[in-house]
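See below for the structure under consideration.
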Amino acid sequence: MFNFIKIQNHKLISSLFIFLFSVNISFAKSAPESFADLAEKLSPSVVNISTTTIIQQKSREMPSFPPGSPFEDFFKQFDKPGNKKRRAQSLGSGFIIDDKGYVITNNHVIENAEKIMVILFDDTTFEATVVGKDPKTDVALLKINPKKTKLKAVKFGDSNKLRVGDWVMAIGNPFGFGGTVTAGIVSARGRNLSGSYDDYIQTDASINRGNSGGPLFDMAGNVVGINTAI
């Protein structure tokens, strides 16, 4: 009798294990069939950022020649005193965190910028001012005056809940091609790059020049990170 009950209990445990295993498989997360609905919903909250910076260029020292030398007149045309200034433009990304016009981006996107322009999803353009910035964490807060334009702010998620292998999606302005969507998985956590912040999320979603400052979304459409480095 005892042996029989023991065998039956083994069968019961085996049957229960198979049942639970089947339930776990049925609830396992699969790869998204499409990111289209999520991209359409979130793209209006992502902005392109264009900055103009004045760069000082020092004049080059020209070689000296004896008076009357044929080279003296030739090099004189390049010898212009004083420093030269030139305008340099760069591109980045950002995202709206408040419908009053507050925008988050990377500090290195707007660092030393003389003029900052924020371009919305529909190409509406606003000049932005810097509210605050933190070079150590490479984050900057901008402010635009939306006037009558209705802005759509993002929602924040909890990046601590991200697991390696979770799907994520990035939206930004790589190489000036605004509104670009890329997707991938969380490849690793706690990566240490240069600077004082050492808890970067590594992802295989394509991040290129111009994506800096843009958001990384989870599959619920919440911001879980700021795209910072390639």
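Quick look at the values:
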{"item": "Filter pass, Ser30 being among the small types (Gly, Ala, Ser), over 30 Å from Asp218 (Cα atoms) and either open to solvent by less than 70 Å² (accessible area, probe 1.4 Å) or modelled with pLDDT under 75 (or both)", "result": "no"}
{"item": "All positions within segment 119-133 that are open to solvent by less than 90 Å² (accessible area, probe 1.4 Å) and under 19 Å from Val223 (Cα atoms)", "result": "Leu120"}
{"item": "Residue match in segment 168-178 (condition: open to solvent by less than 80 Å² (accessible area, probe 1.4 Å), part of a loop (DSSP other than H, G, I, E, B), more than 21 Å from Asp37 (Cα to Cα) and in contact (Cβ under 8 Å) with a residue 40 or more places away in the chain)", "result": "no"}
{"item": "Residue check, Ala140 closer than 24 Å to Tyr102 by Cα, of a type in the set (A, V, I, L, M), open to solvent by 50 Å² or more (accessible area, probe 1.4 Å) and modelled with pLDDT of 95 or more", "result": "no"}
{"item": "Every residue from segment 107-148 that is out of contact with any strand residue (DSSP E or B) (no Cβ under 8 Å at 6 or more places or on another chain) and among the polar types (S, T, N, Q)", "result": "Thr124, Thr137"}
{"item": "Output for segment 183-227, where each listed residue is in a strand (DSSP E or B) and open to solvent by 30 Å² or more (accessible area, probe 1.4 Å)", "result": "Ala183, Ile185, Ser187, Arg189, Gly190, Arg191, Tyr200, Ile201, Gln202, Thr203, Asn222, Ile226"}
{"item": "When residues of segment 146-167 are limited to those that are basic (Lys, Arg), at pLDDT 95 or above and part of a loop (DSSP other than H, G, I, E, B), the one least open to solvent (accessible area, probe 1.4 Å)", "result": "Lys152"}
{"item": "Tabulated pairs, segment 129-154, first over 18 Å from Ile116 (Cα atoms), second part of a loop (DSSP other than H, G, I, E, B) and modelled with pLDDT under 95, C-beta under 8 angstrom, 6+ apart or interchain", "result": "Lys136/Gly195; Lys136/Ser196; Lys136/Tyr197; Thr137/Gly195; Thr137/Ser196; Thr137/Tyr197"}
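Yes/no per residue for (1) within 21 Å of Phe156 (Cβ to Cβ); (2) part of a loop (DSSP other than H, G, I, E, B); (3) modelled with pLDDT under 95; (4) under 19 Å from the mean Cα position of the chain (by Cα):
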{"position": "Phe78", "(1), (2), (3), (4)": "no, yes, yes, no"}
{"position": "Leu91", "(1), (2), (3), (4)": "no, no, yes, yes"}
{"position": "Ile97", "(1), (2), (3), (4)": "yes, no, no, yes"}
{"position": "Ile104", "(1), (2), (3), (4)": "yes, no, no, yes"}
{"position": "Val109", "(1), (2), (3), (4)": "yes, no, no, yes"}
{"position": "Ile116", "(1), (2), (3), (4)": "no, no, no, yes"}
{"position": "Phe126", "(1), (2), (3), (4)": "no, no, no, no"}
{"position": "Thr129", "(1), (2), (3), (4)": "no, no, no, no"}
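The values are calculated or read from the model by the stated rules, or taken from the named source; none is laboratory data. Please read all numbers here as calculations on a predicted model, not as lab measurements. When we count neighbours, we look across all protein chains shown, and the Cβ atoms used for this are built from the backbone with ideal geometry, even at glycine. Keep in mind that these areas ignore ligands, DNA and RNA; they rest on the heavy atoms of the full protein, side chains included. Shrake-Rupley method; radii C 1.70, N 1.55, O 1.52, S 1.80 Å.
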